[in-house]
Amino acid sequence: MKRLLRILLVPCVILVLMGADNQEARFQSLGGKIMCTCSCTQMLLKCNHVGCPNSDRMIRELRANVQSTSNDQEVLDWFRKTWGVTAVVEPSTHGFELFAWILPPLGLGLGLLLVIFVIRSWKLRTAPIAPADLNLDQQLESLRARAHRETEI
């Protein structure tokens with residue numbers, strides 16, 4: 001009987017400990033995506049601002065949200081709504097914040113197209129006409145021939 005109890009109890013304890021570790025991992029992960037709003041420009045869990053008016057409260061709220069909510073996006077949305085959009089470092093993928101994801105690759109693509117267009121226009125540019133190919137006045141042509149003979153170039 002004791003052996004059967006141990007066999008059933010050990011997996012239960014392991015599952016409980018794994019769940020606790022998972023909550024702590026989520027807490028650490030989400031704490032790295034949220035910035036402290038005390039203007040110290042540090043991540044929430046790394047805020048070392050002495051006498052910080054916000055970090056203790058935000059950490060308590062983060063821990064409560066992690067325990068009550070299973071979806072990380074809901075926790076981040078709650079922080080955006082409660083503490084402002086700038087509290088969450090990573091922008092959301094909907095609404096106006098979607099531009100933060102779209103504009104950098106779009107700008108890079110447009111810049112590459114501009115560079116390709118400029119280089120192509122340089123390559124397709126016609127070469128300037130050499131002075132020998134111009135139809136010069138007869139007097140100028142005779143002077144040129146005389147200079148050529150005298151200098152032997």
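Coordinate-derived values only; no laboratory data. Keep in mind the model is a prediction, meaning the values are calculated, not measured. Please note: Cβ atoms are built from the backbone with ideal geometry, for glycine as well, and neighbour counts cover all protein chains shown.
Numbers for the structure displayed
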{"read-out": "Amide proton proximity set for M35, modelled H, under 5 Å, gap of 5+", "value": "L44, V88, V89"}
{"read-out": "Computed E for L103/N71 - FRET, C-beta separation, R0 30 angstrom, nearest 0.05", "value": "0.65"}
{"read-out": "Gain on full stretching of the segment that runs from H148 to K46 - 0.36 nm per residue minus C-alpha separation", "value": "28.6 nm"}
{"read-out": "Long-range amide H partners of H49 with built H, under 5 Å", "value": "none"}
{"read-out": "Ascending count of other beta-carbon atoms within 10 Å, so fewest first, for C40, C52", "value": "C40, C52"}
{"read-out": "Simple label model, 7 Å out from Cα along Cβ direction - E90 to R120, nm", "value": "3.8"}
{"read-out": "Neighbour-count order for I34, I102, fewest beta carbons within 10 angstrom listed first", "value": "I102, I34"}
{"read-out": "R57 versus Q28: modelled label distance in nm, points set 7 Å from Cα along the beta carbon direction", "value": "2.8"}
